[in-house]
Amino acid sequence: MQNNLQKNSKNELIEEILKLREELHEKNDKIKELEWQLNTNTSNSSKPSSIELLQKKTQVCNSRIKWQKPRGWVKWHIWANHKLYENPDFVEILEVKQCEKCAFSLEKVSAYNETKRQIIDIPNPVFSVTEYRSLEKHCPCCHHVNKAKFPVWVEQEFQFWPNIQTLSVYNYNYQMTSFKRLQEYWQEVFWLKISQTTLMSFNKKSFWKLENFETRLKNALVSSSILNSDETWVRVNWKTHWIHTAWTKELTCYFTHTKRWKEAMDEMKILEFFTWILVSDHWKSYKNFANIFLHCFCNAHHLRELQWVIENEKKQWAEMMKKLLLRAKHLKEEAIVKWEDCLKKEVLDEIHKEFKNILVTWKNEYPEILKISWKRGRVRKSKWLNLLERLVQNEDWTLGFIHDFNVPFDNNLAERDLRMVKTRTKISGCFRSVEGAKYFCRMRSYISTMRKQWIDIYDALYSIFNGKPILPQI
């Protein structure tokens, strides 16, 4: 090999060195990417916790404040929710017939005190069948055949009553039971055979009866002052679909679509008419509405990404930025406890000034960092450079939560609403049809809204099949 190198000219040697140098940098970049993937976990990225179920548990950084109250058994927990009922259904009197010590008869002696204990149980799971018989009579005068009319609610020869329909819809959409397991439940507990098609028809019936509710819900979300939005993917008939959510403290709306982009958001008919403040992540489609409403970013995403930069890149600015965001959050919470409407102007100016000072040094070094490359064309930015660029460009959107106390620090509550969608997919795997996904979204919108307004879920679902649906305060 040494003889071959001696035969090469100077230009050929330089070309060979540059080629080897480029290959070395490519391999180093690849090794670094693999190290980043290994060091990425739920505390420094948006990965779900389910991916770490079978992995070895490691100590992760948690930005939450440590719980100060004592753990374990507490006295007042025992009877906090279990009090004796004043009007029990059955009462059994336990008489004292004779004295335990001298065997004297106590049947005619009146009791001076009593101790109560109650047993709570449910009746045996049985179903009842009501048969309606329409009689026919022949008029002896005009010979006309007269037939008694069935009640309006008795439409078919065989049908299920609202209690069965309500319990089926409740278990499927709220307790996330699959159709197969729900079918087994009716068969094994009540000895009642119900096909999966019939169970699906219960969802379809409730879906159409809540059409007016969904229209009113979207109008209420459009007129709200603060709106949280997020999306997640699901499998529908073995294809990838997206479920979008729009959320407030009292309302929730789910919407399914084949796309994740602006096309789906326009068809949802909420964001295109919304004119106030939206809280979301950095998904680019939300920026298409930048001229319509104000936009604040989720700082929980920022904290996770900053933690990733701290662990993998050892950047001091990331540690400083993380402490600043958490301190600003703490100052806001202290002001709320003191019944203050906003932070003082001096505090706001100080936070913004510190925010700029943290980023200004690295912003000035940006061109120098991007020049370090042995490739031609556009330079690929690393993860921490992209994060730095977003923070520099979106200072007001990042710190929006300290200017308006109604704006939350993060978008966790919208993501929490989407957890039920992931629970559904973990149990059933996917939706069999697009219609089934639409039924689920509308029913979950209704159930989540009722839950937020402290309305009993079972009573609300029963009212749908009873013909008089309970509507939330919108």
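The values are calculated or read from the model by the stated rules, or taken from the named source; none is laboratory data. Bear in mind the structure is a predicted one, so any value in this text is a computation, not a measurement. Cβ atoms come from the backbone with ideal geometry, glycine included; neighbour counts cover every protein chain shown.
Here are some notes:
- Check on residue 294, buried (at least 21 other Cβ atoms within 10 Å of the Cβ) and either at negative phi or in the same structural domain as residue 470 (by TED's automatic domain parsing) (or both): no
- Residue satisfying all of: in segment 134-153; closer than 24 Å to residue 469 by Cα and out of contact with any Ser or Thr (no Cβ under 9 Å at 6 or more places or on another chain); modelled with the highest pLDDT among these: 151
- Index of the failed condition, residue 258 passing every other in (1) touching a residue at least 12 places away in the same chain (Cβ under 8 Å); (2) surrounded by fewer than 15 Cβ atoms within 10 Å (Cβ to Cβ); (3) over 20 Å from the mean Cα position of the chain (by Cα): (3)
- For the residues 424, 416, the requirement of being of a type outside the set (S, T, N, Q), assigned to a helix (DSSP H, G or I) and in contact (Cβ under 8 Å) with a residue 60 or more places away in the chain singles out 424.
- In segment 122-139, the count of residues that are closer than 30 Å to residue 209 by Cβ, exposed (fewer than 10 other Cβ atoms within 10 Å of the Cβ) and among the small types (Gly, Ala, Ser) is one or more.
- Restricting attention to segment 392-413, the residues that are part of a helix (DSSP H, G or I) and of a type in the set (S, T, N, Q) total 3.
- Any hit, segment 112-133, residues being part of a helix (DSSP H, G or I) and modelled with pLDDT under 95: no
- Taking segment 158-182 as the range and being over 27 Å from the mean Cα position of the chain (by Cα) and in a helix (DSSP H, G or I) as the test, the residues that pass are 162, 163, 164.
- Selection of segment 101-153 for residues being closer than 28 Å to residue 163 by Cα and in contact with a Lys or Arg (Cβ under 7 Å, 6 or more places away or on another chain) yields only 134.
- Residue check for residue 191: closer than 21 Å to residue 464 by Cα and surrounded by fewer than 18 Cβ atoms within 10 Å (Cβ to Cβ): no
- Only one of the listed residues (267, 272, 340) is out of contact with any Asp or Glu (no Cβ under 6 Å at 6 or more places or on another chain), acidic (Asp, Glu) and in a loop (DSSP other than H, G, I, E, B). That residue is 340.
- From the options 206, 224, residue that is farther than 18 Å from residue 440 by Cβ, at pLDDT 90 or above and surrounded by 10 or more Cβ atoms within 10 Å (Cβ to Cβ): 224
- Scanning segment 86-116 for residues that are surrounded by fewer than 10 Cβ atoms within 10 Å (Cβ to Cβ) and within 41 Å of the chain's Cα centre (by Cα) yields 86, 87, 89.
- When residue 197 is tested against (1) surrounded by 10 or more Cβ atoms within 10 Å (Cβ to Cβ); (2) not in a loop (DSSP other than H, G, I, E, B), only condition (1) is not met.
- Some residue of segment 323-330 being of a type in the set (D, E, K, R), crowded, with 19+ Cβ neighbours inside 10 Å and closer than 22 Å to residue 413 by Cβ: no
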